[in-house]
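Below you'll find the structure, written out as structure tokens, and then a few comments.
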Amino acid sequence: MIKHAVAAVLSIGLTACANLSTHNLFSHYSAANSDARQAVQAGRYQQALEKLPEAPAGEILDGMERGRIGFLAGSYPQSFSALKVADQAVEAQQQQAVIQVSEGLNQAGALLTNDNMITYKPADYELGFLHLYLALSYIQQRDLNGALVEVRRANMVQESARKQREAELESAASAARKEGLDKQNLGAVLARYPDVGDALGNVQNGYLFYLSGVLYEAEGDLNNAYIDYKRALAVVPDNRYVAHTVLRLATRLSMIDDRRSLEARYGRYQPSAKGSGRVVVFDEQGVVAARDGWRLPLWLRDSRGQSAIYNLALPYYRSNASPVLSPLMLNNRPVSGSTLTDVNRMAKYNLQEQLPVMVVRQALRVVAKNEVRKVSAQSGDDVGNLLANIFNTLTEQPDTRSWQSLPASVSVAQQDLPAGDYTLAWNGQQIDVGVKPGRTTMVWVSRQGNTLTGWSVLLGES
């Protein structure tokens, strides 16, 4: 009987996850994706594309990874296609009524296996970057309207994701209360994770806001540009380029009170020389940290009131220092950028928000798994007990799924220059930059290893 029960457990777990790679049952995403991620870190983008695993986390995460790495590799049509696949999959996922039945089966499988069996839902910051890279794809194609649509959508999907996350947190709290899980014990697990704080930049993307402002301004919509520039400044108040931009538009729009308060903090506004053009450089650097896995002890009581120590397999982020890169050179003069977004902090904060749900769900799971093993042991079925032990150990894997090809950080630099042709260079590689009077030239670059990739586009009037 016990052998049949253990076989049934295995069958349920595998059936629930038929739409995902069986790799998720006995391993985790960071392990499967390590070769591709290392290739991105070294700037070998085409090799990274070739080493990407075959969608072990489903089409959303696979599409985002392929889209981002393809963009770095300069394979823009393939990148755009992959990002659109991910976008469409997100839209389908957010139609909750459509996925309730299949997701219920996945949740059942996860209760007996691990969190990797639950359908992957991208984090709020990942949704923002999905639409940001779609916007960049449109910009690279010289389609300003398409890019503006994407930055508008980014705000909408992040708001929807925030509401879903709040509902999940409340559901986890209810499950913990129902099962009598001890808050003190669960808190002991959560306390092992360092607090990353509640800074606005952990949840809002200054890169997205500032890019949105640049696009609105290029279209001539100064009011919306001003709104998004101010939102960017709220995220990165010490960024002098963002501050100067807000002050410039406050002056143009005759925002007298705003201008006074801005000048009190950032100094007087200095208008650019007549006949000059503006160059805005977005500089993506490094690769965001990947989740690792560790095992943490948890004291719980089983159905017989007996206390026992269980091991939880949870994700965490190692403390890794971001590489310090030499400056970009614009016509042999260094370009000093200022940080817009720290993606590592966004990723760590997202995990911090997910942890209460993860810990409750895993506490319920390890107890359920152990009940199956105890039934085998008490019946004297040594084979069943052994099989249950092996199954429990092998399938308890941390959920390390995240968008691992994103940059570690993003900076911006801005200069007003006389009209002409310029060269942006780094490490022997260069990008041509054309400047015209009264126009904005946007330059996008990304640097990993010793590799520079990027392009420049002349936007509308500013």
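The values are calculated or read from the model by the stated rules, or taken from the named source; none is laboratory data. All figures in this text were calculated on a predicted structure; none of them were measured in a lab. Ideal geometry is used to build each Cβ from the backbone, glycine not excepted, and the neighbour counts take in all protein chains shown.
Residue check, Trp299 against (1) over 30 Å from Tyr193 (Cα atoms); (2) in contact with a helix residue (DSSP H, G or I) (Cβ under 7 Å, 6 or more places away or on another chain), all met but one. Which one?
Trp299 satisfies all of (1) over 30 Å from Tyr193 (Cα atoms); (2) in contact with a helix residue (DSSP H, G or I) (Cβ under 7 Å, 6 or more places away or on another chain) except (1).
Of everything in the range 423-451 that's without any contact (Cβ under 8 Å) to a residue 60 or more places away in the chain and not polar (S, T, N, Q), which residue is nearest to Leu253 (Cα to Cα)?
Filtering first and then ranking leaves Gly434.
Counting only residues that are modelled with pLDDT of 95 or more, give me the helices (runs of 4 or more DSSP H) lying completely in the range 64-155 with at least 3 of them.
Counting at least 3 such residues, we get 76-94, 124-140.
Testing Arg268 on (1) out of contact with any Gly (no Cβ under 8 Å at 6 or more places or on another chain); (2) touching a residue at least 24 places away in the same chain (Cβ under 8 Å); (3) not small (Gly, Ala, Ser), one condition comes back false. Which one is that?
So the condition that Arg268 fails would be (2).
If only one of Tyr226, Tyr241 is under 21 Å from Gly201 (Cα atoms), touching a residue at least 40 places away in the same chain (Cβ under 8 Å), touching a helix residue (DSSP H, G or I) at 6+ places or on another chain (Cβ under 9 Å) and aromatic (Phe, Trp, Tyr), which one is it? I'd like the intermediate steps shown before the answer.
Values: Tyr226 fails: touching a residue at least 40 places away in the same chain (Cβ under 8 Å).
That would be Tyr241, the only listed residue that is under 21 Å from Gly201 (Cα atoms), touching a residue at least 40 places away in the same chain (Cβ under 8 Å), touching a helix residue (DSSP H, G or I) at 6+ places or on another chain (Cβ under 9 Å) and aromatic (Phe, Trp, Tyr).
When you look at Glu50, is it acidic (Asp, Glu) and in a loop (DSSP other than H, G, I, E, B), yes or no? Spell out how you get there, then give the answer.
On the way: acidic (Asp, Glu): yes; in a loop (DSSP other than H, G, I, E, B): no.
For Glu50, the condition - acidic (Asp, Glu) and in a loop (DSSP other than H, G, I, E, B) - is not met.
Of all residues in the range 222-263, which are of a type in the set (Asp, Glu), part of a helix (DSSP H, G or I) and surrounded by fewer than 17 Cβ atoms within 10 Å (Cβ to Cβ)?
Within the range 222-263, Asp257, Glu263 meet the criteria.
Tally up the residues in the range 362-401 that are buried (at least 22 other Cβ atoms within 10 Å of the Cβ), modelled with pLDDT of 75 or more and in a helix (DSSP H, G or I), please.
Result for the range 362-401: 3.
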